[in-house]
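The structure appears right after this line, and notes come after that.
What follows draws every value from the coordinates through simple rules; no lab data is involved. For clarity, every value in this text was computed on a predicted model and none was experimentally measured. FYI the Cβ positions are ideal-geometry reconstructions off the backbone, even for glycines, and counts take in every protein chain you see.
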Amino acid sequence: MDDDLPTDFQVIVVGTGMVESIVAAACSRIGKNVLHLDSSDHYGGLWASYNFDGLQKFIKEVNSDPKRQLQVYNLSEKWYIEKDSPQEKQEDDENKTEDSKSEPSKKVWSQASFATEYRKFNIDMTPKLLFSRGPLVELLISSNIARYAEFRCVTRVLTWLNDKLMPVPCSRADVFATEAVSIVEKRMLMKMLTSIVGYNEEEMNNEFKDWNDKTFKEYLEHKGLTPNLIHYVLFAIAGGTNKMPCLEGVKECKKFLMSLGRYGNTPFLWPMYGSGELPQCFCRLCAVFGGVYCLNRPIDKVATKTVDEGKTVVTIDSKSKTLNCDHLVIGINECPKEMISPEPAESCDISKAVFITNGSIMKSEKEPLTLLRFPPLTDEDNTVTVLEVGPATGSCPKGLFVVYFITKKVKTAESDLKPYAERIFDMSGGDQLEASEKPKCLWSLFYNVRDTSAPVSGAADSVHVCCGPDAGLDFDRAVEQAEQIFKKICPGEEFLPRAPDPEEIVFEDEVPRGPEFRGDDADAEPQQ
Amino acid sequence: MATNRTGGAQRPNGAPQTKVCQFKLVLLGESAVGKSSLVLRFVKGQFHEYQESTIGAAFLTQTVCLDDTTVKFEIWDTAGQERYHSLAPMYYRGAQAAIVVYDITNQDTFGRAKNWVKELQRQASPSIVIALAGNKSDLAAKRMVEFEEAQAYADENGLLFMETSAKTAMNVNDIFLAIANKLPKSESGGGAGGAGGARRLADGDTPRASSCCK
C-alpha cells in the first residue's frame, strides 16, 4: 500500500512518543521535510493510551514477545468481577440503548460489560499532568497546538495523613478556608510559601543560602511548621520524601505555587481522553506543515554513510526500501543498540498500576479529578503518585473511575503498589452494590517499565535518540529534551513558532488568482 | 471537541435569542478526492483547479443559519495523514459530524469511503452524523460510481448522501446544511464524548503569572 512512499527526507523520525512527536512538529514547522514512522499501528509507543480492547492486545503482545519485555515486564492483570452478570443480560435484551442516564452508579459491572463498552475507555500507559504555567502549557499555547486538544482542571490534591485521605489546601483561599489548620499555622504557612516564591536560582537569596546540603524537611522544621503542615508541604506539594534535598523541595514547591490561579483550584491540567492525545497533537501540526505519516512501518536496519563533500547521510532499511535522511530522530526503544552511544546507564525503573473502580476514592459533589500523593509507607519506598480520572475526561464509561499509580521501582510493581491500593480501595471482589466507604476495585493491572528517560546520544552526530517516559508527574523533561534535539538539528531556528490561525492563511496558487476574495466569513473568529 | 455552546439562549428575560451551536466536523476520504476543495468552496467560495495538498491549514470555521439556530462548524482536514493509513484517533475525538468523500470517477475511492465509514462507526462517537459525498459530479462523463449504488449504500448505513462538485459548487452548501439540520441542537444533544466543561488553552485566558506571584 505504501510503495509510493518517498525515500529522501531532511529529517526522519522513528517512533511517535512524546519527544519524537515534538521534534517532528518543530522540524516540520520551520520547513524541514519530515517523514514520521512508527513500527506499530497506533500513535504514542509507550506514551499511548488504549481503549479496553487495545489494552488487551497490548497485554497479550507484551506477554508473548520477549523483546517487548525489555521495556515492559512483570505485567499482571486481574479481574475482581464476574464474567457475565445475570442482571445485565436481561436488561441488555430489553433496552440496548444508552441507559447510562438512569442510575449510572447502581450498575453491576461484569467483564462482559467492560467488553461491550470498550470504546469508552482511554487508558494511559504514561499518565501525566501539566502544570498550568509549566513549559508544556506554554509551548502548546505559543505554538497554537493548544487548539487541537482540550483539558480539564484537576479539582483537588489529596494526601494520606493519619491513616486517612485528606484534601490539601492549595490556593490562598483554600488555606484560609480549611479547618484542618489553625490560624497560627496558616500565618506560618503563608510566610514560608512567600519566601519560596521569592526563591531564585541565580541570585541565591539569603533565605536559602545555607541550605544547600540540608533536607527540605529540616528547612520546614526550622521554619517552625507543625508536623501536619510539614506533611502537606513536603509530601503533597513538593512530592518529596524525608530525604528530599532542601533546594529541590523549594524548586518543586515554587513550580506548584507558580501554576496556581491560572485555570482552576489546583495547579494541574489533565488532557481530555488522556495523556496519549498529546503526542498526536504534535503529529498533527507536523502533518499540517507537510510532514508525511506512516504507521505500521517497522525499520530493519540503520546505517550512516559519508557521501561526497564529507556529508553524512543516515540510511534506514524498511520493508525492502531504503530511506535516506540528513538527520534521524529515533525513540530509544526503536533504536538499534549499535546506534546508541554510550549504553544507557542502569537506572531505577518505574512501577505502575492501573485500577478501574466503581466510585471515587473520596466522594464529592461534582465529578472529581484527583491527584493524590502518598507519603512512603516504609523507609524503603518512594512517594506514590495517584491520579484518579472519571468519565468526564473521556477515560471511562459513566459510573467508573480509572486510577493510576506510579512510583519508583523497589521490588515489583505489584509488591510496591498493592499496599497503597489496599488503603483506598476495596479489593475483596465482593458485591458491587454493597455500601462501603471505599470504592470497589473491579479490575487491576500492575507492570514495570524500564526507565529510559536519561538522555543518551546517538552513535553519530546525525542520529538523535529520544528518551522514553520518566516517572515524573509532568512532561517537562520530554519538552526539554525535544527542544535540545531540535536545536542540534536546526541551530538558530525558532522552536515551534506560532502556527497561524486558519483565517490568517492566504491560499496561494501557481495559477493566476481570480477576483480578490473578500472575507465573507466574518463569523469566523480566530479560535480562542 | 466542540460541544454545543448555547450562547445567550438561557437569558432569564427578553426575547428568545438565536441559539449558537458549535460542532466539530471532520473530513475523510482517499487522497485527491477533493476534501479540501469542498471545504474551501464552502468556507471561502473559492475553487483552485490545481490545489496543492493542504499545507498549513489546521481547520476552518463556517456558520450555517437555520430557523432558530446558528450552527458553527469547526471543520478539520486530514492534513494528509490518511495517505498511509495513519490518521490519528485524536482527529475524530468528539467529532459530531463527518463528511466521507469519494470521487465519482474512481471506483477505488468509493471502496475506501466505505472503509472510512466503518472506521467511524468503530472509533468515533456513536451519535456522529455521517454524510457521504460523491465529489467531482461535474465530471459525470467519466463516472465510475453509479448514483444509485452509492444511494443504496448510504441508505443501508443511515448516512446522508449527495453528489457534489467543489468546482461548480453544486450541493456543497446543501450537504453542510443537511448535516446542520440533522445534528441534535439541544444543549447536551451532541453527546459526543461528553466534553462539556473541558477547555481549550489560550493565551490571556487569565492574568499572567506576574500579576499574582511577583
*Considering only DSSP beta bridges with both partners in the protein assembly as shown, what is the antiparallel share in %, to the nearest 5?*
60
*asked:* Using Cα-Cα distances under 8 Å and only pairs 6 or more residues apart, what relative contact order does segment A:166-264 have, in percent?
replied: 31
_Given charges at Cβ of Lys, Arg, Asp, Glu: the protein assembly as shown dipole, positive-most of B:Phe147, A:Ala173, B:Val64_ = A:Ala173
*Which shape class applies to segment B:49-147: rounded if a/c is under 1.5, otherwise prolate when a/b exceeds b/c and oblate if not, where a ≥ b ≥ c are the square roots of the Cα gyration tensor eigenvalues?*
rounded
*Per residue of A:280-287, count partner chain C-beta atoms within 10 Å of its C-beta, then hand back the mean as an integer.*
5
*Determine the dipole magnitude for chain A: charges of +1 sit on the beta-carbon of Lys and Arg, -1 on that of Asp and Glu, nothing else is charged, the reference point is the Cα centre, and the result goes in debye to the nearest 20.*
1440
*Once you treat every alpha carbon in the protein assembly as shown as an equal point and sum by Debye, what is log10 I(q)/I(0) at q = 0.10 Å⁻¹?*
-1.09
*Within straight-line cross-link reach of A:Lys487, lysines at Cα separation under 20 Å, skipping those fewer than 8 residues along the same chain*: A:Lys32, A:Lys311
_Can you find, among A:Val184, A:Val233, A:Tyr263, the residue sitting farthest towards the positive end of the charge dipole of segment A:166-264, where Lys and Arg contribute +1 and Asp and Glu -1 at Cβ?_
A:Tyr263
_Loop GluC sites (Glu not before Pro), segment A:109-209, which have at most 15 other Cβ atoms in a 10 Å radius of their Cβ (DSSP)_ = A:Glu179, A:Glu201, A:Glu202, A:Glu203
*Sort A:Thr393, B:Thr70 so the one with the fewest other Cβ atoms within 10 Å of its own Cβ comes first.*
B:Thr70, A:Thr393
*Neighbour-count order for B:Thr69, B:Thr109, B:Thr164, fewest beta carbons within 10 angstrom listed first*: B:Thr69, B:Thr109, B:Thr164
*Just counting partner chain Cβ atoms within 10 Å, what average do the residues of peptide A:144-153 show around their Cβ?*
6
*From the Cα gyration tensor of segment A:363-516, with a ≥ b ≥ c the square roots of its eigenvalues, which class applies: rounded if a/c is under 1.5, or else prolate if a/b is larger than b/c, or else oblate?*
oblate
*Taking the Cβ of B:Tyr153 as the center, what net charge do the other residues with Cβ under 14 Å away carry, scoring Lys and Arg +1 and Asp and Glu -1?*
-3
_Over 19 Å (Cα to Cα) - which of B:Lys118/B:Lys185; A:Lys164/A:Lys418; B:Lys24/B:Lys72; A:Lys337/A:Lys408 fall in this group_ = B:Lys118/B:Lys185; A:Lys337/A:Lys408
*asked:* Using amide H atoms built in the peptide plane, which far-off residues or other-chain residues are under 5 Å from A:Ser453 H to H?
replied: A:Gly468
*By the gyration tensor of its Cα atoms, with a ≥ b ≥ c the square roots of the eigenvalues, what is the shape of segment A:96-240: rounded for a/c under 1.5, prolate for a/b over b/c, or oblate?*
prolate
*asked:* Could you derive backbone 3J(HN,Hα) for segment A:372-381 from the dihedral phi with the Karplus parameters 6.51, -1.76 and 1.60 (θ = phi - 60°), listing whole Hz in sequence and x where the residue is Gly or Pro?
replied: 10, 10, 8, x, x, 7, 10, 5, 6, 6
*Take every residue in peptide A:391-398, count the Cβ atoms of other chains within 10 Å of its Cβ, and give the average of those counts.*
2
*Relative to a virtual label point 7 Å from the Cα of A:Lys408 in the Cα→beta-carbon direction, which members of segment A:353-382 show backbone nitrogen distances below 13 Å?*
A:376, A:380-382
*So what is the relative contact order for chain A, in percent, with contacts set as C-alpha pairs under 8 Å and at least six apart?*
25
